[in-house]
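Below is one structure, written out as structure tokens, with a few remarks after it.
The values are calculated or read from the model by the stated rules, or taken from the named source; none is laboratory data. No experiment lies behind these values; they were computed from the predicted model shown. Quick reminder, even Gly has a Cβ in these numbers, built from the backbone with ideal geometry, and neighbours come from all protein chains shown.
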Amino acid sequence: MRERLRILALDHFSGQDREALIEAGGGRFAWRTVPYWRFRDRANEMFPPDVRDGLEAWARPELERQRQAFSAWCRRELARLYVEWPYDVLLLPSDAFYYVRTFPENCHELGVPVFVAQKETTITEYSFAEHAPEVESYAPFVSDRMTVCSERHKQFWVAAGSDAALIEVTGQPRFDVYAHPPARAHGTRSVLFLSYEPDAYLHEGGVDWLDLRDETERSLIEATSDGWEVLVKLHPLQDRDAERASLEAKAGGNPRVRLAAPDADTRELILSADAVVGFQT
């Protein structure tokens, strides 16, 4: 008889949440990960490109043959992973992704439940008005259990047709670090700017946020004359070389303006800053 529960986790940029869960587990669980692209890439070979852009495209009736073929492929892959390392639970960051939609059905054939520890946290009024009905129609929750970061997040999934009894509000694992922050060194005041792409969240309509971002950067650079240090954390999708050149041109070689390392832990940067400037709440 195995001593520890075995968890197979789909890794979709969810390492911080997983690390927090591993620490909270205190050695009670054994973990393995499988990269998301292993399934996404296969799905992208079998489906037309528009399934990547929204939930409705995946659910089109004319794609039923592809869905069945992809489900069969996933069944074999998940079974092979099970033979290699018999897992007790499959953990996902979401079951709305088109390339994991068949996982619950596939895993149930192995006698394995599927849990979702929701990774995303921001739920706007727009999400309730537009996204919840879309999820309910085309990608409703189909796993066995879900954890979410807040009551508001839970209400979103209830609005999207999920059974409230299957959803537990736990807080966000990766944010546990803020409950026990390290002692901060006193010295120069620092501000952390969480940068973003000019077309962030508005990929249609030709609208961008470049003017707002430029104004923010200029204001932060001006703040260095009052003794502030400015640290800019780029979004992973931003072009680092281009953004560095743009920032250096604005700052004129100001040593108080720096880019954070690409692999810097944003949580640690937040804990070390005296002020944080973001794009959305």
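Residues of segment 82-94 that are surrounded by fewer than 22 Cβ atoms within 10 Å (Cβ to Cβ) and assigned to a loop (DSSP other than H, G, I, E, B): TRP85, PRO86, ASP88, PRO93, SER94.
ALA139 fulfils the conditions (1) small (Gly, Ala, Ser); (2) over 17 Å from LEU10 (Cα atoms); (3) without any contact (Cβ under 8 Å) to a residue 60 or more places away in the chain except for a single criterion, (3).
Yes/no matrix, rows are residues, columns are (1) assigned to a helix (DSSP H, G or I); (2) crowded, with 16+ Cβ neighbours inside 10 Å; (3) in contact with a Leu (Cβ under 6 Å, 6 or more places away or on another chain); (4) aliphatic (A, V, I, L, M):
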site: ALA57; (1), (2), (3), (4): yes, yes, no, yes
site: PHE70; (1), (2), (3), (4): yes, yes, no, no
site: ARG75; (1), (2), (3), (4): yes, yes, no, no
site: ALA79; (1), (2), (3), (4): yes, no, no, yes
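Given the conditions (1) more than 20 Å from the chain's Cα centre (by Cα); (2) in a helix (DSSP H, G or I); (3) among the aliphatic types (A, V, I, L, M), report the number of the one that VAL177 does not fulfil. VAL177 satisfies every listed condition except (1).
Per the listing PHE70, PHE29, the residue uniquely in contact with a helix residue (DSSP H, G or I) (Cβ under 8 Å, 6 or more places away or on another chain), without any contact (Cβ under 8 Å) to a residue 40 or more places away in the chain and either of a type in the set (Ser, Thr, Tyr) or under 28 Å from ASP176 (Cβ atoms) (or both) is PHE29. Of all residues in segment 100-108, none are of a type in the set (D, E, K, R), loosely packed, with under 13 Cβ neighbours inside 10 Å and in contact (Cβ under 8 Å) with a residue 24 or more places away in the chain.
The lone criterion from (1) part of a helix (DSSP H, G or I); (2) in contact with a strand residue (DSSP E or B) (Cβ under 9 Å, 6 or more places away or on another chain); (3) surrounded by fewer than 17 Cβ atoms within 10 Å (Cβ to Cβ) left unmet by LEU21 is number (3). Scanning segment 24-55 for residues that are part of a loop (DSSP other than H, G, I, E, B) and crowded, with 16+ Cβ neighbours inside 10 Å gives TYR36, PHE47. The residue list ARG184, ARG189 contains one member that is modelled with pLDDT under 95 and surrounded by 13 or more Cβ atoms within 10 Å (Cβ to Cβ), which is ARG189. Within the option set VAL83, VAL158, VAL114, being in the same structural domain as PHE39 (by TED's automatic domain parsing), touching a Ser or Thr at 6+ places or on another chain (Cβ under 6 Å), aliphatic (A, V, I, L, M) and at pLDDT 95 or above holds for one residue only, VAL114.
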